[in-house]
Amino acid sequence: MLKPKVHEDPRGFFMETYRAEEFAAAGIQDSFVQDNHARSQRGTLRGLHYQLQHPQGKLCRVASGEVFDVALDIRQGSPTFGQWYGVVLSQENKLQIYIPPGFAHGYVVRSEAADFLYKCSEYHYGGDGHGVLWSDPQLAIPWETSSPILSEKDRQYTPLADVPRELLPRYEP
């Protein structure tokens, strides 16, 4: 989780959402090549997505609304394989999360609507899209909804234990 410096006054606020030298000092060496913006309504769950041949690092934030955001380590051989980290991102808290390459990513919208913005270290390749079932009981992610709004693709994913090993990235220390 990253907390940018926010300068507030009676007019509103100003914050830098990305500064290469500060991110490098924090260990984030990615060069970002693509920015994405998704607007979703309450209860929409997007994820858990990843690209295998073109893994993406993602720097995520919410411009309006609120989401519960999750990063899941799916790197074979990783000491934290199968573990996830979740954080609430909102327009109020202005937090950001960095999702490293080799992690699956997803979020659920907790407000009436949310504008979710993220920078990617690799381009999106539609044919390289993979995923893990959002409701995998072994992961026990507390999404706060039992019947989210899902894409058909997200409904079809399997639990992590059932994903063929050749479709998972490898941990490279």
Pop out the ³J(HN,Hα) list for region 123-132 in order, Karplus 6.51 cos²θ - 1.76 cosθ + 1.60 with θ = phi - 60°, rounded to Hz; leave Gly and Pro as x.
5, 7, 10, x, x, 9, x, 9, x, 10
Evaluate the relative contact order of the chain (contact order divided by residue number), counting alpha-carbon pairs under 8 angstrom at least 6 apart; express in whole percent.
31 percent
Here the averaged projected area of region 68-145, based on the convex hull of its alpha-carbon atoms and given in nm², is 6.3 nm²
Based on the alpha-carbon set only, what is the convex hull volume of region 1-133 divided per residue, in Å³?
113 Å³
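Only Lys, Arg, Asp and Glu count, each charged at its Cβ (+1, +1, -1, -1), so figure out the dipole size of the chain about its Cα centre, rounded to 20 debye.
Values: 17 positive and 22 negative charges, 17 e Å.
Once rounded to the nearest 20, the dipole reads 80 debye.
What do the square roots of 5 times the Cα gyration tensor eigenvalues come to for region 35-84, in whole Å, largest first, as semi-axes of the equivalent ellipsoid?
Working: eigenvalues 115, 36, 19 Å².
Sorted largest first and rounded, they come to 24, 13, 10 Å.
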Please list 3J(HN,Hα) in residue order for region 62-72, calculated via the Karplus relation 6.51 cos²θ - 1.76 cosθ + 1.60 where θ = phi - 60°; whole Hz, with x for glycine and proline.
10, 8, 8, x, 8, 9, 9, 10, 10, 10, 10
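Going highest first, how would you order 62-69, 75-82 by mean Cβ packing within 10 Å?
Details: 62-69: 21.1, 75-82: 14.0.
With the highest mean Cβ count within 10 Å placed first, the list reads 62-69, 75-82.
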Given a 10 angstrom Cα cut-off, can you work out which residue in V132, V33, V88 is the most mobile in a GNM of the chain?
V33
Which of the aspartates and glutamates could be linked to K94 by a straight reach, that is with a Cα gap under 16 Å, when you skip same-chain ones fewer than 8 residues away?
E8, D9, E16, E66, D69, D115
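Only the coordinates and a few stated rules stand behind these numbers; no lab work does. Since this is a predicted model, take the numbers as computed values, not measurements. With ideal geometry, Cβ positions are generated from the backbone for all residues, glycine too; neighbour counts draw on all protein chains shown.
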